Amino acid sequence: MKVLVTGGAGYIGGHMVLALRDAGHDSVVLDNLSTGFRWSVPEDVPLVVGDVGDYELVLQTLRAHSIDAIVHFAAKLIVPESLRDPLGYHLNNTVKSRSLLAAAVAAGVETFVFSSTAAVYGNASDRPIAEDAPLAPLSPYGSSKQLTEVMLREVAAAHGMRFVVLRYFNVAGADPAMRHGQCTANATHLIKVAVQTALGMRPSMEVFGTDYPTPDGTCIRDYIHVSDLISAHMRALDHLGAGGESLVANCGYGHGYSVSEVIDTVRKVSGRPLEARIALRRDGDPVTIVADSTRLRSSLDWQPRYDDLATIVEHTLRWETMLRERNLKL
Ligand code: UDP
């Protein structure tokens with residue numbers, strides 16, 4: 001199978017490229033390097049530096065490499081940033097996905113795996129949330145992904161494409177072999193921020209809201225190890241490659257941790273003090289988001305390997321420590 005990985009120089013896409021390579025599949029990376037890194041693409045994997053919204057470039061790439069499947073990671077993904085810049089998010093995530101889909105149709109690509117998000121659900125009342133829950137995103141990030149899901153479904157119906165939409169819950173951790181991890185400067189995601197604070201790379205961190213209707217007052221999320229998320233993508237490609245039908249599946253473990261529990265786990269695993277200041281609620285934050293992952297387990301036969309918060313934190317710590325040492329040497 002020959003796979004185009006958009007955003008393959010980034011955090012999650014980079015892990016996908018490694019997994020495809022480990023499994024003996026050919027891949028081509030399309031990345032504009034806005035947040036990704038050239039070094040993260042192995043030398044034997046072709047890297048096309050460009051934009052998913054560049055129709056001609058994408059069409060030419062799909063044809064030149066005889067691509068069978070697209071795995072579409074490239075996107076902006078920061079909820080608060082999307083609230084400040086909704087049009088930027090719709091351009092980058094929705095409009096450019098439209099262009100990518102148009103090129104995929106023109107090139108006759110029949111299978112597509114799309115990175116969606118739990119943010120499409122908003123403040124869902126079901127806990128855990130199943131895929132048929134009503135969609136009510138609280139941010140332009142969530143709605144940009146929802147709109148792309150709609151487009152993909154309609155394009156697939158019209159043009160005989162089959163797809164898997166994977167709705168990610170909170171992705172964290174790093175490749176257990178430390179070949180890849182999150183490198184984004186000024187990262188905002190909780191586990192990364194807490195680990196960097198414990199390592200002294202930030203003086204302190206903030207807890208956004210302690211007055212939510214949860215047992216300790218802080219928001220609850222379902223944190224999934226990036227390697228388990230990637231194994232879901234590999235299962236999705238296998239499913240589509242075997243002629244499987246289109247489907248939408250949540251990617252999470254089915255249980256959540258509060259912000260305070262995450263911070264305590266980082267303290268415990270790192271053995272370091274970590275100053276966490278109480279701050280106001282952050283706009284666009286749902287109270288609790290936990291996946292019902294039944295479909296992922298049953299339809300795609302997904303079996304997670306790292307369903308343990310301490311392991312996710314430990315891998316993040318090892319990665320951050322390695323990054324810090326590498327930067328110090330440079
Ligand atoms: N959070 C926090 N302090 C931080 C970063 C995040 O309290 O420095 C909280 C955030 O308000 C949310 C949870 O941690 O309740 C997860 O946020 P994150 O940005 O990691 O992911 P999101 O759920 O927004 O995709």
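Test Asp285 against the criterion of being within 21 Å of the chain's Cα centre (by Cα) and in the same structural domain as Pro134 (by TED's automatic domain parsing), and give yes or no. Steps first, please.
On the way: within 21 Å of the chain's Cα centre (by Cα): yes; in the same structural domain as Pro134 (by TED's automatic domain parsing): no.
Criteria not met by Asp285.
Residue by residue through the range 152-186, note down the ones that are out of contact with any strand residue (DSSP E or B) (no Cβ under 7 Å at 6 or more places or on another chain), within 29 Å of Leu135 (Cα to Cα) and more than 13 Å from the ligand (Cβ to nearest atom).
Scanning the range 152-186 gives Arg153, Glu154, Val155, Ala157, Ala158, His159, Gly160.
Search the range 175-193 for residues that are over 19 Å from Ile230 (Cα atoms) and pair each with any residue that is in a helix (DSSP H, G or I) and β-branched (Val, Ile, Thr) when their beta-carbon atoms are under 9 Å apart and the residues are at least 6 apart or on different chains.
Short answer, once both residue conditions are applied: Ala187/Val193; Thr188/Val79; Leu190/Val259; Leu190/Val262; Leu190/Ile263.
So if I check each of Asp31, Asp44, Asp51, which one is charged (D, E, K, R) and farther than 23 Å from Thr184 by Cα?
Details: Asp31 fails: farther than 23 Å from Thr184 by Cα; Asp51 fails: farther than 23 Å from Thr184 by Cα.
After ruling out the rest, the residue left standing is Asp44.
Residues are listed down the side, and each one gets a yes or a no for (1) within 13 Å of Thr288 (Cβ to Cβ); (2) of a type in the set (D, E, K, R); (3) in the same structural domain as Glu149 (by TED's automatic domain parsing):
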position: Asp211; (1), (2), (3): no, yes, no
position: Thr214; (1), (2), (3): yes, no, no
position: Met234; (1), (2), (3): no, no, yes
position: Gly241; (1), (2), (3): no, no, yes
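Among the numbered criteria (1) touching a Ser or Thr at 6+ places or on another chain (Cβ under 8 Å); (2) acidic (Asp, Glu); (3) over 30 Å from Glu325 (Cβ atoms), which single criterion is violated by Asp175?
Against the list (1) touching a Ser or Thr at 6+ places or on another chain (Cβ under 8 Å); (2) acidic (Asp, Glu); (3) over 30 Å from Glu325 (Cβ atoms), Asp175 comes up short only on (3).
Within the range 187-246, which residues are on the phi > 0 side of the Ramachandran plot and away from the ligand (no atom under 13 Å from the Cβ)? I'd like the intermediate steps shown before the answer.
Of all residues in the range 187-246, those on the phi > 0 side of the Ramachandran plot come to 200, 209, 217, 243.
Answer for the range 187-246, where residues must be on the phi > 0 side of the Ramachandran plot and away from the ligand (no atom under 13 Å from the Cβ): Gly200, Gly243.
A quick yes/no check of all residues on (1) out of contact with any helix residue (DSSP H, G or I) (no Cβ under 8 Å at 6 or more places or on another chain); (2) farther than 17 Å from Arg179 by Cβ; (3) within 12 Å of the ligand (Cβ to nearest atom):
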| site | (1), (2), (3) |
| --- | --- |
| Arg282 | no, yes, yes |
| Ala291 | no, yes, no |
| Pro304 | no, yes, no |
| Ala310 | no, yes, no |
| Glu314 | no, no, no |
| Trp319 | yes, no, no |
| Asn327 | yes, yes, no |
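Mind listing just one residue for me: the one in the range 166-196 that is β-branched (Val, Ile, Thr) and buried (at least 23 other Cβ atoms within 10 Å of the Cβ) and, of those, nearest to the chain's Cα centre (by Cα)? Spell out how you get there, then give the answer.
Our first condition is that a residue be β-branched (Val, Ile, Thr); within the range 166-196, this holds for 171, 184, 188, 191, 193, 195.
Keeping just the survivors that are buried (at least 23 other Cβ atoms within 10 Å of the Cβ) gives 171, 191, 195.
On the way: Val171: 6, Ile191: 14, Val195: 19 Å.
Filtering the range 166-196 for residues that are β-branched (Val, Ile, Thr) and buried (at least 23 other Cβ atoms within 10 Å of the Cβ), the one nearest to the chain's Cα centre (by Cα) comes out as Val171.
Would you mind stating whether Arg98 is of a type outside the set (Asp, Glu) and loosely packed, with under 15 Cβ neighbours inside 10 Å? Outline the logic, then answer.
On the way: of a type outside the set (Asp, Glu): yes; loosely packed, with under 15 Cβ neighbours inside 10 Å: no.
In short, no.
Pairs needed: first member in the range 218-241, closer than 18 Å to Glu314 by Cβ; second member anywhere, assigned to a loop (DSSP other than H, G, I, E, B) and aliphatic (A, V, I, L, M); C-beta distance under 7 Å; at least 6 residues apart or different chains.
Close Cβ pairs satisfying both conditions: Val226/Ala174.
Given the range 253-330, what helices (runs of 4 or more DSSP H) lie entirely inside it while holding 2 or more residues that are under 26 Å from Gly200 (Cβ atoms) and among the hydrophobic types (A, V, I, L, M, F, W, C)?
Values: elements: 259-270, 294-299, 309-329.
Ranges flagged: 259-270, 309-329.
Can you find a residue in the range 223-232 that is surrounded by 16 or more Cβ atoms within 10 Å (Cβ to Cβ), closer than 18 Å to Thr311 by Cβ, touching a His at 6+ places or on another chain (Cβ under 7 Å) and among the acidic types (Asp, Glu)?
No, the range 223-232 contains no residue that is surrounded by 16 or more Cβ atoms within 10 Å (Cβ to Cβ), closer than 18 Å to Thr311 by Cβ, touching a His at 6+ places or on another chain (Cβ under 7 Å) and among the acidic types (Asp, Glu).
I'm told Ile224 meets every condition in (1) part of a loop (DSSP other than H, G, I, E, B); (2) touching a Gly at 6+ places or on another chain (Cβ under 6 Å) except one. Can you identify the failing condition by its number?
It is condition (1) that Ile224 fails.
Do we find that Arg63 is within 16 Å of the ligand (Cβ to nearest atom) and more than 25 Å from Leu229 (Cβ to Cβ) in this structure?
Working: within 16 Å of the ligand (Cβ to nearest atom): no; more than 25 Å from Leu229 (Cβ to Cβ): yes.
No.
Quick check on the range 113-138: of everything there that is at pLDDT 95 or above and among the polar types (S, T, N, Q), which residue is surrounded by the fewest Cβ atoms within 10 Å (Cβ to Cβ)?
Ser116
Collect the residues in the range 37-52 that are in a loop (DSSP other than H, G, I, E, B) and touching a residue at least 60 places away in the same chain (Cβ under 8 Å), keeping them in residue-number order. Give the steps one after another, and end with the answer.
Within the range 37-52, the first condition is being in a loop (DSSP other than H, G, I, E, B), and the residues that meet it are 37, 41-46, 50-52.
The one that is in a loop (DSSP other than H, G, I, E, B) and touching a residue at least 60 places away in the same chain (Cβ under 8 Å): Phe37.
The values are calculated or read from the model by the stated rules, or taken from the named source; none is laboratory data. Note that the structure is a prediction, hence the values are computed from the model and not measured. Cβ atoms come from the backbone with ideal geometry, glycine included; neighbour counts cover every protein chain shown.
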